[in-house]
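Visitor: This is the structure I want to talk about, given as structure tokens.
The values are calculated or read from the model by the stated rules, or taken from the named source; none is laboratory data. Note that the structure is predicted; figures quoted are calculated from it, not measured. Here the Cβ positions follow ideal geometry from the backbone for every residue, glycine too, while neighbour counts run over all protein chains shown. Quick note on the areas: whole protein, heavy atoms, side chains included, nothing else; ligands and nucleic acids left out. Shrake-Rupley method; radii C 1.70, N 1.55, O 1.52, S 1.80 Å.
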Amino acid sequence: MQLMRVLPLILAFLPATSLNATTPSPSETTRNDYNQETPIIWLDKSELPVSVECLIAFAWICMVASMPLVVIYMDGKNITRSQIINFAVMWVILGIGVYLFNQILLFNSVHFQTERSLTLVECVYLMSQIITTVGYGDITPAHAAGQIFVAIYVIFALLIIANVVSEVVDQVSGHAAEYAKDLDKVTTIKSFTPRPEEPPPEQKQETAKKWISKDPPPLPWNSFLSSLAVYGFFCVIGTLFFVNYPGENKTVLQGLYMSVITLSTVGFGAVTPVTEGGKVFGAFWMLFGSAALVGVVGSFSSLCVMSKQREEWDPVAKAEEHREALMRFPEELDGYNFMKFGLSVQHKVLSNTEFRTLEKAFRHLGPAADGTISKEDARRFLDLAEGD
């Protein structure tokens, strides 16, 4: 009974329209999709001449296949025969993919009126999404056979990425190893001029400080900031293009959002290229921008590894190691033993120039008539180098 008395009071507070409300039909609602480009329909044939399309596809394949070689060349290494064979195999597989996408397989898209094969521009545009793992999702295979082939192609794309990343990892490992050697290499050999007379103590100490450096080498901040600037450059270029290119009609925020999401290889697909020029630009821009991202990750990884090595480096412990190394030598050091001592402290293989420089350093120490210096002279030289 109490519930029956309260129910009219509750109904009195409800809006009058809520009792007679009806669900509006989809045609009566106003859609405000974030991706406003989806109604745009792409033509079945490209607006570009066939010769231009072929040139674009050829340039794109050459660029993708040569990416590992470029990384090796930029690192100053020699290109091996196996790497050249790898380049040729990648070229063939990419060419086969373009042919199948263009002639055999059928695709669906919100921009297509019916399922169809891709134009050459659309081929490189889609393959760029696959290679960079951006994956907008605006073009998808229409049938099971195409889906299987695209899935295999995705695996191949991961192998390409792994090939490039492995070269970057080698660079990071090499830079970290070189930095570790620089930290261990407390002795930094400079050019010395042999003097017949005995140098004064001040000059000996100055020479020793040049020979032995207590300061660790600097961290590669310039490399990291440079790679970050390159990545930012491609983000800005993408924003400017998609904001100003006729037909794209994107706002500055949409262009910036698209650039960052694309070049971070996330590729939500909310904002995508919609013009022929946008697809051509995007096919190359995605590759360059993603490569710039790999550079940022690689340089940042090197910076982190070297920072950790720098924090763990203890110059006092290194100096003690040098004294322990000196104790393993005889009381009188000739030129040969001095070379061994220099190598044990230097932790490296000397070049011909450095070897001759080390000989000059030995002569500068003023060996006796029998061509030897005492262990005490070598120890005193270390003490002078480590003094304030």
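Visitor: Of all residues being of a type in the set (S, T, N, Q) and under 20 Å from the mean Cα position of the chain (by Cα) in segment 220-277, which is most open to solvent (accessible area, probe 1.4 Å)? Just the residue, please. Talk me through it step by step, then tell me what you get.
Guide: Narrowing segment 220-277 to residues of a type in the set (S, T, N, Q): 222-223, 226-227, 239, 244, 249, 251, 254, 259, 262, 264-265, 272, 275.
Narrowing the set further to residues that are under 20 Å from the mean Cα position of the chain (by Cα) leaves 222-223, 226-227, 259, 262, 264-265.
Details: 222: 124, 223: 65, 226: 66, 227: 19, 259: 0, 262: 2, 264: 37, 265: 43 Å².
Ranking the qualifying residues of segment 220-277, first place goes to 222.
Visitor: Report whether or not residue 329 is at pLDDT below 70 and either closer than 28 Å to residue 363 by Cα or surrounded by 17 or more Cβ atoms within 10 Å (Cβ to Cβ) (or both). Full working, then the answer.
Guide: Details: at pLDDT below 70: yes; either closer than 28 Å to residue 363 by Cα or surrounded by 17 or more Cβ atoms within 10 Å (Cβ to Cβ) (or both): yes.
Criteria met by residue 329.
Visitor: Look through 68, 49 and report the one residue that is in contact with an Asp or Glu (Cβ under 8 Å, 6 or more places away or on another chain) and open to solvent by less than 80 Å² (accessible area, probe 1.4 Å). Give the steps one after another, and end with the answer.
Guide: Values: 49 fails: in contact with an Asp or Glu (Cβ under 8 Å, 6 or more places away or on another chain).
Answer to the check: 68.
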